[in-house]
Each structure stands twice: as C-alpha cells, then as structure tokens.
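Taking it in order: structure first as structure tokens, then the write-up.
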Amino acid sequence: MSARRLLVLTGGGDCPGLNAVIRGIVKRSNSFNSHKDKFANSERGWEVFGSIKAYNGILNDPQEIVPLDSKMVSGIHVLGGTIIQTTNNGGPFSWPVKKQDGTWDKLDRSDELIQKLQKLGMDAVISIGGDGSQRISQRLFEKGLSVVGVPKTIDNDLGATDFTFGFQTAVQIATEAVDKLVTTAASHNRVMILEVMGRNAGWIALSAAIAGGADVALIPEFPYDIEKVIEKVNARMQGGKGFAIIVVAEGAKPKEGRPVYQEHNFERRHHEKRLGGIAEQVAQEIKKNLDIDIRVVVLGHLQRGGGPIAFDRILATEFGVKAFELVLEGKFGTMVAYRHPDIIAVPIAKAISRSKVLSKDDKLVHTALGLDIHLGV
C-alpha cells in the first residue's frame, strides 16, 4: 500500500524557527512511520514534501516540489531562514499576471492549485505562515483543501497564541542593539533612536525597551505626542544622564498623523505598503526643538536573520510535531497555538479573527510605565 503524501510550505516573511518547524514535522512523520504509535489509523505511512516559495512551487511551470527526508532536515533547527524558501508576493487568490500594456493584474488560481495538488497525490498540506498566509489557508480549506496551519510572525500579533516562534529571537536581537547603543550614546552625549519591526503591534519595541533600559518607546497602539517626547528627552539630557535611548516600532505614528512608508515599486507586490522612516521623522522633529546630537539606527531585516534562540527552537519544534499530529487526526482547518503550558489546536477562522495588540491594561505596558519608560502619551 502506497504512503500518504504531505506537502509543507512556508509563506510570508522569513523568521528564525521556520526550519525547526520543518524538521519537527519530518522527524515526527518518521517516528510515526517507524513505530505506528497511538495516532495510527491505517497501515499507510507518510512521505513529506516541500513546495518551494510557498504555493509558487505548485503553480510555477515547471513545478518545484522537493522531498523532505531525514537527511534533508538534519541539523536545520539551528539555521535561520527556510530551506524551502518563502515569498510574500501574490498567492493563489491574487497571482500576479503581467498584461500586454506592461501593467500587472491579479488572477485567482486557487481552483487550479487544488487540482494540481490532487494530481500530485497530496493528501494534506501544512502551511507555515503569518496572518496573510493563514487567511489563504482558511479560504483554501473552505474550498475543500485538507490544510493545517502553523503560525509564524516575529510581530507576535496573532491573538490565538501566547507566542509565535521568532518573536523572542527578534526581541533578543533588538535588545542587543539597545545595549550597544547605550554605550556609544553615553560616550558622545547623544540621543540614539532605534527603529524595529512592528507594523500594527509594538511587542518587539516595548520588550526591547524594557530589556535594554530605553527611555522612550513609541509603538503603533499609542499614537505619540511629539511635544511630550521632546520634554522627556530634554529632561533626560539635562538631568545629569547626558544621553537618551528611544526605541520606535516601524508602525508608530504621531497623534493626528499617519505611519511613514518607504517609496517602493509595487509593480508585482500586492500586499501592504512597506513601512519605514518613522525613526528619522522623530529625529527631525526633536532636532527642530533641541540642540542635541541625534543618530538613527534602523535594525530592519537583522531581526529576521540568523538562527533562533533556544526558546524559539523548542516552540517551533513543538509546533511542527503538533501540526503533523493534527494531520494524523484529520483535524483540518485548524492551526497550532501555544497556550501556556500547552500546544493546542484552534480553528484557523478563529485564529485570524483578531490581532493581538498592546493595551493600557497589558502587564508589559504597566511594567514600562513603572520603569518611567515614556510612551509618548
């Protein structure tokens, strides 16, 4: 009797821990094939495959599907990125197509995708990705695809799970950046502004501000009053410290203002515009009012790169193992989630129904205010 076939893919932005999820899936499938454990409901084992660059591997011609075996995943849990690559361009419901006049349009290829998966003999799909990827998962599930989701976002803004893998690594990287900026800021009596990721949620920025001992943290949830930020910086500079550290999330915005976006060619890109530049804007506003030396550092994709810290390796591996077990149990249309201390399954529809953002009642905000970290409000 032939083995069942499982397809794994990674979509959206990369982040530390993706490879650990892939490894967890493959090793758990090998364990199942070897021992026929409590989840066994047939004599058929499983073969695991990877689709290169999310669903592109299926929709591209020629297709790019690779077998994922023990040799392929050996030792990859310590590596950053994803061995099956990823993309945040297009998708099966909005495939970019170039028209004769040179402009780009979107094409729905979701039905074609499902047909191709059936032709490949794929019995199930595990989709590892963030909010956008899981919205695609839900729509494909509604079309009849047997899919299980694994949440991935360094922003930690999915409401269905306590943490997403990659977040703690991103916080560690941002904290190390704050630590380094403190020493150079103190040496030169400067204000250092660090811009970190965080489109709609300030988890990375506020966590790094607390861990690194910053003076100001500006996050998307609380539009800031620049006058109050200037007052805080001036008090810090004149109060004997002689330097100040500001951490700002890329999605932060002033009161009655808008987030700052980079200029970008959106020819093939059908997702949201790219944020960036808020730290420089804050610096310019401060300079208009205070005669002080200011430097801006944009951490950018350094937060996505490199290997995951131990916490994220473990969480990602737990997600991979659980995702395969959900496939075994036929619990499709669900996503794995971490609810301390358990790894559970939640409906994908519920997982994408709300974002997890900071509020004035959150304990992290309470801690920051207790430390006199100014939030610009």
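The values are calculated or read from the model by the stated rules, or taken from the named source; none is laboratory data. Keep in mind it's a predicted model, so treat the numbers as computed, not measured. Cβ coordinates were reconstructed from backbone atoms using ideal geometry, including for glycine residues, and neighbour counts include every protein chain displayed.
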Legend entry - Residue ID - surrounded by the fewest Cβ atoms within 10 Å (Cβ to Cβ), chosen from residues in segment 199-222 that are more than 23 Å from Thr153 (Cα to Cα) and not acidic (Asp, Glu): Gly213
Legend entry - Residue, surrounded by the fewest Cβ atoms within 10 Å (Cβ to Cβ), within segment 133-147, restricted to residues that are of a type outside the set (A, V, I, L, M) and within 13 Å of Tyr55 (Cα to Cα): Ser133
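So which residues in segment 246-261 are part of a strand (DSSP E or B) and surrounded by fewer than 22 Cβ atoms within 10 Å (Cβ to Cβ), if there are any at all? Walk me through how you get there before you give the answer.
Here is the first cut: in segment 246-261, the ones part of a strand (DSSP E or B) are 246-249, 254, 261.
Answer for segment 246-261, where residues must be part of a strand (DSSP E or B) and surrounded by fewer than 22 Cβ atoms within 10 Å (Cβ to Cβ): Pro254, Tyr261.
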Inset, instruction - Within segment 154-167, track down each residue that is surrounded by fewer than 22 Cβ atoms within 10 Å (Cβ to Cβ) and not hydrophobic (A, V, I, L, M, F, W, C). - result: Gly159, Asp162
Inset, instruction - Would you mind telling me which numbered condition in (1) in contact with a His (Cβ under 9 Å, 6 or more places away or on another chain); (2) crowded, with 24+ Cβ neighbours inside 10 Å Phe243 fails? - result: (2)
Legend entry - Number of the condition not met by Gly132 [criteria: (1) under 22 Å from Thr169 (Cα atoms); (2) at pLDDT 95 or above]: (2)
Legend entry - Conditions (1) free of Cβ contacts under 8 Å to residues at least 60 places away in the same chain; (2) surrounded by fewer than 21 Cβ atoms within 10 Å (Cβ to Cβ); (3) among the β-branched types (Val, Ile, Thr): number failed by Ile83: (1)
Legend entry - Options Asp105, Asp111; residue that is outside the structural domain of Gln262 (by TED's automatic domain parsing) and assigned to a strand (DSSP E or B): Asp105
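Looking only at segment 99-108, decide whether some residue is within 13 Å of Ala351 (Cβ to Cβ), in contact with a His (Cβ under 9 Å, 6 or more places away or on another chain) and modelled with pLDDT under 95.
No, because not a single residue in segment 99-108 is within 13 Å of Ala351 (Cβ to Cβ), in contact with a His (Cβ under 9 Å, 6 or more places away or on another chain) and modelled with pLDDT under 95.
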Inset, instruction - May I ask you to list the residues in segment 225-250 that are closer than 19 Å to Asn200 by Cα and out of contact with any helix residue (DSSP H, G or I) (no Cβ under 8 Å at 6 or more places or on another chain)? - result: Asp225
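Quick test for you: out of Leu290, Leu275, pick the one residue that is modelled with pLDDT under 95, touching a Pro at 6+ places or on another chain (Cβ under 9 Å) and in the same structural domain as Asp179 (by TED's automatic domain parsing).
Working: Leu290 fails: touching a Pro at 6+ places or on another chain (Cβ under 9 Å).
The unique qualifying residue is Leu275.
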Legend entry - Hey, Ala316 among the small types (Gly, Ala, Ser), touching a helix residue (DSSP H, G or I) at 6+ places or on another chain (Cβ under 9 Å), buried (at least 21 other Cβ atoms within 10 Å of the Cβ) and not in a strand (DSSP E or B) or not: yes
Inset, instruction - State which residue pairs qualify: first residue in contact (Cβ under 8 Å) with a residue 40 or more places away in the chain and polar (S, T, N, Q) and inside segment 226-246, second residue surrounded by 13 or more Cβ atoms within 10 Å (Cβ to Cβ) and not in a helix (DSSP H, G or I) in any location, beta carbons under 6 Å apart, and separation of 6 or more residues or different chains. - result: Asn234/Leu290
Inset, instruction - Would you check which residues across segment 192-245 are within 15 Å of Ile278 (Cβ to Cβ) and assigned to a loop (DSSP other than H, G, I, E, B) and list them? - result: Met197, Gly198, Arg199, Asn200, Ala201, Gly202, Ile219, Pro220, Glu221, Phe222, Pro223, Asp225
Legend entry - Hits in segment 328-363 (condition: loosely packed, with under 15 Cβ neighbours inside 10 Å, within 21 Å of the chain's Cα centre (by Cα) and not in a strand (DSSP E or B)): His340, Lys350, Ser353, Arg354, Ser359
Legend entry - Subset tally (residues that are touching a strand residue (DSSP E or B) at 6+ places or on another chain (Cβ under 8 Å) and under 21 Å from Lys331 (Cβ atoms)) for segment 86-120: 1
Legend entry - Hits in segment 142-160 - residues which are in contact with a Phe, Trp or Tyr (Cβ under 7 Å, 6 or more places away or on another chain), modelled with pLDDT of 95 or more and under 16 Å from Ala337 (Cβ atoms): Val147, Val148, Val150
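Here is a check on your reading of the model: is Lys180 loosely packed, with under 15 Cβ neighbours inside 10 Å, modelled with pLDDT under 95 and basic (Lys, Arg)?
Numbers: loosely packed, with under 15 Cβ neighbours inside 10 Å: yes; modelled with pLDDT under 95: no; basic (Lys, Arg): yes.
When the stated conditions are applied, Lys180 does not pass them.
Suppose the filter is under 25 Å from Asn156 (Cα atoms) and either not aromatic (Phe, Trp, Tyr) or not assigned by TED's automatic domain parsing to the domain that holds Lys273 (or both); does Ile84 pass it? Steps first, please.
Numbers: under 25 Å from Asn156 (Cα atoms): yes; either not aromatic (Phe, Trp, Tyr) or not assigned by TED's automatic domain parsing to the domain that holds Lys273 (or both): yes.
Here the answer is yes, as Ile84 does meet what is asked.
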